[in-house]
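Accompanying notes for the structure given below.
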Amino acid sequence: MQLTVWTYEGPAHVGAMRVATAMQGVHYVLHAPQGDTYADLLFTMIERRAARPPVTYTTFAARDLGGDTAECFKRAARDAVARYAPQALLVGASCTGELIQDDPGGLARALNLPIPVVPLELSSYQRREHWGAAETFYQLTRAILAPKLPKPGQTRPPRAPGVAPSCNILGSLALGFRHRDDIVEIRRLLEALGIRINVVAPLGATPADLARLPDADFNVVLYPEIAGQTASWLARSFAQPATKVIPVGVGATREFIAEVAALAGVDPAPVLNDPALRQPWYSRSVDSTYLTGKRVFLFGEANRVIACARIAARELGFTVVGLGAYNREFAREVRAAAALYGVEPLITDDYLEVEAKIAELHPELVLGTQMERHTAKRLAIPCAVISSPAHVQDFPARYSPQMGFEGANVLFDTWVHPLMMGLEEHLLQLFREDFEFNDAPSHLGAASGAMQASGAESAASAPVASAAPPAAATATASPLPAGRDETTSATPAAATTTVSTTAPTAAPTTASDILRWSAEAEQELKKIPFFVRGKARRNTERYASERGVTLITVEDLYDAKAHFGR
């Protein structure tokens, strides 16, 4: 382990907490010192949960180390069962608690509690959060289903005629990136296929629900980093096949539909073309052709990065210039995905390495975690969050799935929003020098600040060039009233004086040097669209100057329009 100010994953016991918090009727007794209770904030602050996680800490202090910390754990376990009456108890130790080697599992079994006790040996100094969550879900499922294991050679009975096919949806967690909404979207899709949902776990499930997992015909694995190990064990023990495709993006969702339809023996056609799906047409629309070739860098949880890279390259026309993941358990899959796009994979849990790679590649869009959002902001690169870890703004009150057809719509909006679209970019380039355009506040950040400042200076005075005779000396400017601006430039052969359009600042040499706008003409000018207003002003002043007009009226404005429109 290394000391760092930020990490993509917490220790393994945080993963166990995510499983316990996601479920109902499960309690986790964590042998941990004072100070290791910080993880509660992850759920109550970031995910906005209304209740604390179902975790009891032994919270031993330094003075307890010379006494009986084992007794401290046993007392905490007995009190938790008496107070919360869970259906199952998870027991384990935090990173610091592991150093004491009190064996929470053995201590809990010795208590002869009236509920199943699942000891967790998570090796928090060697393993990380996602592995801890996967291991916890696996161990809990095995413990609950142990009495139901079929005898050797026993085959799975076929589904009775007339009974609708059923499945389990596995992998959703507390603090999962849009897991809550993904479950709603995938449940809707499966039910439209006529497939009954047997159990959703861990999110919202009880130990009694886990006991019903073998009743389903197959398992839908939405998050392999959490449920892959459990699904593999269910396939070996109960002959339950599991899905392989993660339905993120239009293409993957259609492949997922075909896969589950084959497992369930149903017709996929009714749901393959959802009328609510807009992403394909939006991606092909005229303005969206501007997205083609945009250089994108992806980093986050491995399975989500692989799925999003496919969307970026195949469905939106982006160019993937780099991708990587922080969970090394899926390094092989990430390397294979990187090879498809001809880029070097980045497998690291050091956010500084990721920041350096982004700075090196300087993509036009970053798709990553909460940390990449900060990095991209510092580097002035548009960014969208696609993966945990995420912050509070990535747990929205609105319905915002990432999976299924509606998830594809959400991804299009989320990724495209930080980018300027084609027409917008065209107008910005076309009228970038017009001070009337630059007067408006811009969403482009610091890069537009200088533009706006120069626009403000230009707007304060309209330049009218007055060429002096070659022998004339450079004019000396008299002080201007506050709010006026004057710029004087000269060469050895000539001098040029800029005079304010709002009021004369010094006695002009001729009447043609003064140009003023009547109030009516100024009002009429404001009716012209902002992106051509500057050009209209300059053309009108040029027209008036050439004809010796000093006060521009509405008629002059339209005469100039007619003149330059020929």
Gain on full stretching of the segment that runs from Arg236 to Ala208 - 0.36 nm per residue minus C-alpha separation: 8.0 nm
Express the relative contact order of segment 516-564 as a whole percentage, based on alpha carbon pairs under 8 Å and six or more residues apart in sequence. 50
Rounded FRET efficiency, nearest 0.05, which uses the C-beta distance separating Arg278 from Leu379 and R0 of 30 Å: 0.45
Calculated FRET efficiency, Val184 and His362, Cβ-Cβ r, R0 45 Å, to nearest 0.05? 0.75
Computed lengthening from Ala269 to Ala110, 0.36 nm per intervening residue step minus Cα-Cα distance: 51.6 nm
On a C-alpha basis, how far is the centre of segment 257-300 from the centre of segment 91-152 in Å? Whole number, if you could? 40
Between Thr96 and Tyr558, what is the label-to-label distance in nm when each label sits 7 Å out along the Cα-to-Cβ direction? 8.2
Those chymotrypsin sites (Phe, Trp or Tyr not before Pro) from segment 78-158 that are DSSP loop and have at most 16 other Cβ neighbours within 10 Å turn out to be Tyr125
Under the Karplus curve 6.51 cos²θ - 1.76 cosθ + 1.60, θ = phi - 60°, whole-Hz ³J(HN,Hα) for segment 117-130, x wherever Gly or Pro sits: 10, 10, x, 10, 10, 9, 6, 5, 7, 10, 10, 10, 4, 5
Quick query: amide H of Thr319 versus all other amide H atoms, modeled in the peptide plane; which residues come in under 5 Å with a sequence gap of 5 or more or a different chain? Gly293, Lys294, Arg295, Val296
Scan segment 218-309 for chymotrypsin sites (Phe, Trp or Tyr not before Pro) in coil per DSSP, keeping those whose Cβ has at most 16 other Cβ atoms within 10 Å, and list them by number. none
Note down the accessible area of His417, probe 1.4 Å, to the nearest 10 Å². 150
9 Å beta-carbon shell around Pro401, net charge (K/R +1, D/E -1): -2
Fully extended contour minus Cα-Cα distance, from Arg49 to Val163, at 0.36 nm per residue: 37.3 nm
According to a simple spin-label model (label point 7 Å from Cα along Cα-to-Cβ), what is the distance in nm between Arg332 and Lys535? 6.1
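Counting other Cβ atoms within 10 Å of each Cβ, which GluC sites (Glu not before Pro) in segment 251-353 have at most 15 and sit in a DSSP loop?
Nothing satisfies the criteria.
The values are calculated or read from the model by the stated rules, or taken from the named source; none is laboratory data. Remember, it's a predicted structure, so these values are computed and weren't measured experimentally. Counting neighbours? That spans all protein chains shown, and the Cβs are built from the backbone with ideal geometry, glycine included. Surface accessibility is based on the protein's heavy atoms, side chains included, excluding ligands, DNA and RNA. Shrake-Rupley method; radii C 1.70, N 1.55, O 1.52, S 1.80 Å.
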